[in-house]
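Asks: Supplied in structure tokens, the structure appears directly below.
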Amino acid sequence: MLDCGEGTQLQLVRYGLRTHRINFILITHLHGDHFFGLPGLITSMALFGRKDKLTIAGPAPLKGILDQIINIGDAHLPFDIVYIVCDPEKPQIILKGNHYEIESVPLKHRIPCTGFILRETGPELKLNIDVCEKLGVPIAWYERLKAGEDYRTEDKKLIPNHDLTLAGTKNRSYAYITDTIYDENVASYVSGVTLLYHESTFLHQMLARALETFHTTALQAGKIAAISGVESLLIGHFSARYHDANELLLEAQSVFENTLLAEEGKTYVL
């Protein structure tokens with residue numbers, strides 16, 4: 001889960017999403033619209049009988065805030081919480097799994113804030129099983145072949161990887177960049193990602209307000225997408241003053257055509 005604002009539990013119920021499927025919660029910063037729903041979600045998980053550990057990544061003060069709320073409310077959690085502190089000054093890999101990694105990246109907002117990049121890291125190659133079996137490649141080599149290694153037979157003959165594999169599925173990546181002033185450093189962090197979510201709080205005609213509040217305009221979000229070479233841009237975090245977000249969409253598309261509008265309840269496929 002990326003951020004957990006007030007009303008998160010209602011939205012989970014609305015869209016049929018079960019809390020037991022949530023194992024990682026990533027909090028960008030400590031403004032209320034990004035984490036006020038977290039204490040309630042955690043205590044609800046306890047009431048629903050959760051036993052599996054929960055990993056929470058976010059700013060350094062987050063653990064103390066949650067500990068105090070849980071203790072004052074006399075909540076007893078039947079599961080462990082693992083906290084990861086994100087560095088607001090430099091990028092860092094905060095989580096690694098068998099086929100994924102999550103990186104936090106520094107953003108420039110009014111308080112310490114980080115974005116997150118989720119990347120698949122598994123093999124991008126598929127085995128040519130017919131050829132592997134014909135040449136007697138041991139099954140123990142299969143994962144190494146999918147990772148790009150060449151195969152050397154017992155008599156030291158080298159069989160190039162491309163003879164034993166086929167093109168597979170390209171690893172996907174998703175960058176979540178919210179609550180930041182326009183910062184071209186972000187482009188270097190998110191370079192080439194499959195889908196970039198970037199805040200677009202204002203139209204560019206309100207640039208002065210964007211600078212004052214450390215937010216980004218839709219035009220600027222499009223520029224970040226263009227210079228970073230991402231495949232697609234998803235814009236969101238719109239000011240409540242805009243009743244029709246399509247005007248923000250058109251502005252971003254003026255500099256980056258492949259831009260989508262973040263719509264509540266909609267699923268986006270990478």
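The values are calculated or read from the model by the stated rules, or taken from the named source; none is laboratory data. Worth saying up front: this structure is predicted, and the values here are computed from it rather than measured. Virtual Cβ from ideal backbone geometry, glycine too; neighbours counted across all protein chains shown.
Asks: Being among the aliphatic types (A, V, I, L, M) and touching a His at 6+ places or on another chain (Cβ under 8 Å) narrows it down to one residue among 234, 248, 195; which is it? Before the answer, list the steps.
Replies: Details: 248 fails: touching a His at 6+ places or on another chain (Cβ under 8 Å); 195 fails: touching a His at 6+ places or on another chain (Cβ under 8 Å).
It is 234.
Asks: If only one of 134, 126 is basic (Lys, Arg), at pLDDT 90 or above and exposed (fewer than 11 other Cβ atoms within 10 Å of the Cβ), which one is it?
Replies: Details: 126 fails: exposed (fewer than 11 other Cβ atoms within 10 Å of the Cβ).
Going through 134, 126 in turn, the sole match is 134.
Asks: Looking at segment 140-161, can you tell me whether even one residue there is out of contact with any Leu (no Cβ under 9 Å at 6 or more places or on another chain), acidic (Asp, Glu), more than 30 Å from residue 92 (Cβ to Cβ) and surrounded by fewer than 19 Cβ atoms within 10 Å (Cβ to Cβ)?
Replies: Within segment 140-161 (the criterion being out of contact with any Leu (no Cβ under 9 Å at 6 or more places or on another chain), acidic (Asp, Glu), more than 30 Å from residue 92 (Cβ to Cβ) and surrounded by fewer than 19 Cβ atoms within 10 Å (Cβ to Cβ)), the answer is yes, since at least one residue qualifies.
Asks: Do you know which residues across segment 216-246 are touching a strand residue (DSSP E or B) at 6+ places or on another chain (Cβ under 8 Å) and loosely packed, with under 12 Cβ neighbours inside 10 Å? Walk me through it before giving the result.
Replies: Initial filter on segment 216-246 (touching a strand residue (DSSP E or B) at 6+ places or on another chain (Cβ under 8 Å)): 216-218, 221-222, 224-225, 228, 230-237, 239, 245-246.
Once the filter is applied, which keeps residues that are touching a strand residue (DSSP E or B) at 6+ places or on another chain (Cβ under 8 Å) and loosely packed, with under 12 Cβ neighbours inside 10 Å, segment 216-246 yields only 246.
Asks: May I ask you to list the residues in segment 131-177 that are of a type in the set (A, V, I, L, M, F, W, C) and either in contact (Cβ under 8 Å) with a residue 24 or more places away in the chain or on the phi > 0 side of the Ramachandran plot (or both)? Break it down stepwise before answering.
Replies: Looking only at segment 131-177, we keep the residues that are of a type in the set (A, V, I, L, M, F, W, C), and these are 131-132, 135, 137, 139-141, 145, 147, 158-159, 164, 166-167, 175, 177.
Passing the criteria: 131, 132, 135, 137, 147, 159, 164, 166, 167, 175, 177.
Asks: Here is a further query. Mind listing just one residue for me: the one in segment 158-217 that is among the basic types (Lys, Arg) and in a loop (DSSP other than H, G, I, E, B) and, of those, nearest to residue 251 (Cα to Cα)? Steps first, answer last, please.
Replies: Start the filter on segment 158-217 by keeping residues that are among the basic types (Lys, Arg), which leaves 170, 172, 209.
Next, only the ones that are in a loop (DSSP other than H, G, I, E, B) stay: 170, 172.
Details: 170: 30, 172: 27 Å.
Top of the filtered list is 172.
The rows are residues; the columns are (1) crowded, with 17+ Cβ neighbours inside 10 Å; (2) among the polar types (S, T, N, Q); (3) farther than 23 Å from residue 189 by Cβ; (4) modelled with pLDDT under 95.
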residue: 16; (1), (2), (3), (4): no, no, yes, yes
residue: 26; (1), (2), (3), (4): yes, no, no, no
residue: 67; (1), (2), (3), (4): no, no, yes, no
residue: 84; (1), (2), (3), (4): yes, no, no, no
residue: 89; (1), (2), (3), (4): no, no, no, no
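Asks: So residue 105 fits all but one of (1) buried (at least 18 other Cβ atoms within 10 Å of the Cβ); (2) in a loop (DSSP other than H, G, I, E, B); (3) at pLDDT 95 or above; what number is the exception?
Replies: (2)
Asks: So is residue 249 assigned to a strand (DSSP E or B) and surrounded by 15 or more Cβ atoms within 10 Å (Cβ to Cβ) or not?
Replies: Numbers: assigned to a strand (DSSP E or B): no; surrounded by 15 or more Cβ atoms within 10 Å (Cβ to Cβ): yes.
Judged against the criteria, residue 249 is not a match.
Asks: Among the candidates 2, 10, 30, single out the residue that is assigned by TED's automatic domain parsing to the domain that holds residue 67, at pLDDT 95 or above, out of contact with any Ser or Thr (no Cβ under 9 Å at 6 or more places or on another chain) and crowded, with 16+ Cβ neighbours inside 10 Å. First the steps, then the outcome.
Replies: Details: 2 fails: out of contact with any Ser or Thr (no Cβ under 9 Å at 6 or more places or on another chain); 10 fails: crowded, with 16+ Cβ neighbours inside 10 Å.
After ruling out the rest, the residue left standing is 30.
Asks: What's the total number of residues in segment 125-156 that are in contact with a helix residue (DSSP H, G or I) (Cβ under 8 Å, 6 or more places away or on another chain) and among the charged types (D, E, K, R)?
Replies: Selection size over segment 125-156: 3.
Asks: Continuing with this model, one more query. Answer yes if at least one residue in segment 74-92 is aliphatic (A, V, I, L, M), out of contact with any strand residue (DSSP E or B) (no Cβ under 6 Å at 6 or more places or on another chain), in a loop (DSSP other than H, G, I, E, B) and more than 28 Å from residue 265 (Cβ to Cβ), and no otherwise. Full working, then the answer.
Replies: If we filter segment 74-92 for residues that are aliphatic (A, V, I, L, M), which is where we start, we get 75, 77, 81-82, 84-85.
Within this subset, residues satisfying the condition of being out of contact with any strand residue (DSSP E or B) (no Cβ under 6 Å at 6 or more places or on another chain) are 75, 77, 85.
Of the ones still in play, those that are also in a loop (DSSP other than H, G, I, E, B) are 75, 77.
Within this subset, residues satisfying the condition of being more than 28 Å from residue 265 (Cβ to Cβ) are 75, 77.
Within segment 74-92, one or more residues are aliphatic (A, V, I, L, M), out of contact with any strand residue (DSSP E or B) (no Cβ under 6 Å at 6 or more places or on another chain), in a loop (DSSP other than H, G, I, E, B) and more than 28 Å from residue 265 (Cβ to Cβ).
Asks: Quick check on segment 4-46: of everything there that is under 28 Å from residue 90 (Cβ atoms) and assigned to a helix (DSSP H, G or I), which residue is farthest from the chain's Cα centre (by Cα)?
Replies: Ranking the qualifying residues of segment 4-46, first place goes to 32.
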